[in-house]
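Have a look at the structure below, then the notes.
What follows draws every value from the coordinates through simple rules; no lab data is involved. Since the structure is predicted, the reported quantities are computational estimates derived from the model, not experimental observations. Glycine also receives a Cβ, built like all others from the backbone with ideal geometry; neighbour counts cover every protein chain displayed.
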């Protein structure tokens, strides 16, 4: 914790000046090492701020173009890629996954529809067979394991957060339909044309811009307390599923590899998307308005309306708390609001990173950081959201 007031860089409209002070307070109290915040109203940037450092030793300042691993924020970006294919007619939500990925028909999954991949109803949050260390960096190892995996519950009759498998499942369908990996499709069709600074898999040319992810601070609602401990082989049933969702293979969630060149080069769409707050807010401002960004169509309003309709809202079989999803997006819910309006949608990432859109207020919000706090109730992030709406 610094004894000096953190210097916050960037710009914000006068009405939003309280957010500069709030971001400084977050750094001053040691809740983050480095962080960035971006807000759009309509298509106007009203907040673009950053502060702190990109390393735990606090020797490298966070700057305007710093990018960082945003964890599950990338799940919504992955969903946008799939939904574009739905919009074009190349992908049918109610067709079996096996129509596009024939090997997926194994183990009773022949008729499992694409929709269930996006709604976390597929019953595939974990692989039962123990996978070797490093498998998370090998696309075909992961997708072959998921193709042979029997669902942990009857698909469609429950839902459980596909913490790390979601990106491999959606990504393989995108690859089979387009011939491009998810990261390549994102770069070629969305991020490149629209100038969105978000990457799933990238080369060493961007390493100098990357903030190191530092170990998260403990939180009172830490998710890991719900994850069974012990040797995976000794666990059975749902306990094995919940443990495997986070640690089969052992570095599935990035443990031990998070800041390496190998991790950054790999495509792990659920978990290793890298970007900054500005990039995520720019994407969401298109989704909060007319679906376009600088002349590039991201998603049509009609597709988006379909995507943010509630699909599931009940106890999550993996997280053991309520979750609410549309098609790939987390939806606002009583337990975890995204501002005051009920139609807000987006996605959190581990530690408190967040991107969301509020189509009623035409607000897009994004927060990025390199430490964060374990758990799922991030009060300092909620405080930032509250200040945005107070300023409107």
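Give the angle, between 0 and 90 degrees and rounded to the nearest 10, that separates the Cα long axis of helix 166-178 from the longest principal axis of the Cα atoms of the chain. Around 70 degrees separate the two axes. Note: region 92-179, Cα convex hull, 83 Å³ per residue.
With a Förster radius of 35 Å applied to the beta-carbon distance between residue 17 and residue 290, the computed FRET efficiency rounds to 0.75. The fraction of Cα-Cα pairs per 5 angstrom bin, counted from 0 for region 288-337, comes to 5, 19, 22, 19, 13, 10, 8, 3, 0 percent, rounded to whole percents. Counting only alpha carbon atoms, the long axis of helix 73-88 and the longest principal axis of the chain meet at about 60°.
Full-extension gain between residue 386 and residue 238, please, as 0.36 nm times their residue separation minus the C-alpha to C-alpha distance. Working shown, then result.
Details: separation 148, 0.36 × 148 = 53.28 nm, distance 3.71 nm.
Full extension from residue 386 to residue 238 adds 49.6 nm.
Extension gain, residue 25 to residue 377: 0.36 nm times the residue separation minus the Cα-Cα distance gives 124.9 nm.
How high is the relative contact order of region 74-265? Use alpha-carbon pairs under 8 Å, at least six apart in sequence, and give a whole percent.
Numbers: 243 pairs, mean separation 48.5, N = 192.
Here the relative contact order equals 25 percent.
If you look at the Cα atoms of the chain, you get an Rg and a Dmax of 19.6, 60 Å. Computed on region 1-124, with alpha-carbon pairs under 8 angstrom and 6+ residues apart, the relative contact order is 16 percent.
Taking other Cβ within 10 Å of each residue's Cβ, how do 242, 382 sort, fewest first? Walk me through the numbers on the way to the answer.
Working: 242 23, 382 16.
Placing the least packed residue first, the sequence is 382, 242.
Once the Cα atoms are used to define both axes, helix 17-28 deviates from the longest principal axis of the chain by about 70 degrees. Let me check against my output: what whole-number percent is the relative contact order of the chain, with C-alpha pairs under 8 Å and at least 6 apart? Reported as a whole number, the value is 24 percent. Look at where the Cα atoms of region 1-67 and of region 245-298 average out, and the two centres are 20 Å apart. Legend: ranking of residues 66, 260, 78 from fewest to most surrounding C-beta atoms inside 10 Å; resulting order 260, 66, 78. Hey, what number do you get for the chain at 222 nm if only DSSP H runs of n ≥ 4 count, each worth -39500 (n - 2.57), divided across all residues, to the nearest 500? Theoretical 222 nm ellipticity from helices: -8000 deg cm²/dmol. Note on region 222-328: the C-alpha convex hull projects to 9.2 nm² when averaged across all orientations. Distances between every pair of Cα atoms in region 1-105, grouped in 10 Å steps from 0 to the bin holding the largest one, split as 13, 30, 24, 14, 16, 4 percent.
Once both labels are positioned 7 Å from their Cα atoms along Cα-to-Cβ, the gap between residue 309 and residue 55 label points is 5.2 nm.
Gyration tensor analysis over the Cα atoms of region 74-265 returns equivalent ellipsoid semi-axes of 25, 24, 14 Å (largest first, whole Å). Ranked by how many other Cβ atoms sit within 10 Å of their own Cβ, fewest first, the residues 331, 37, 392 fall in the order 392, 331, 37.
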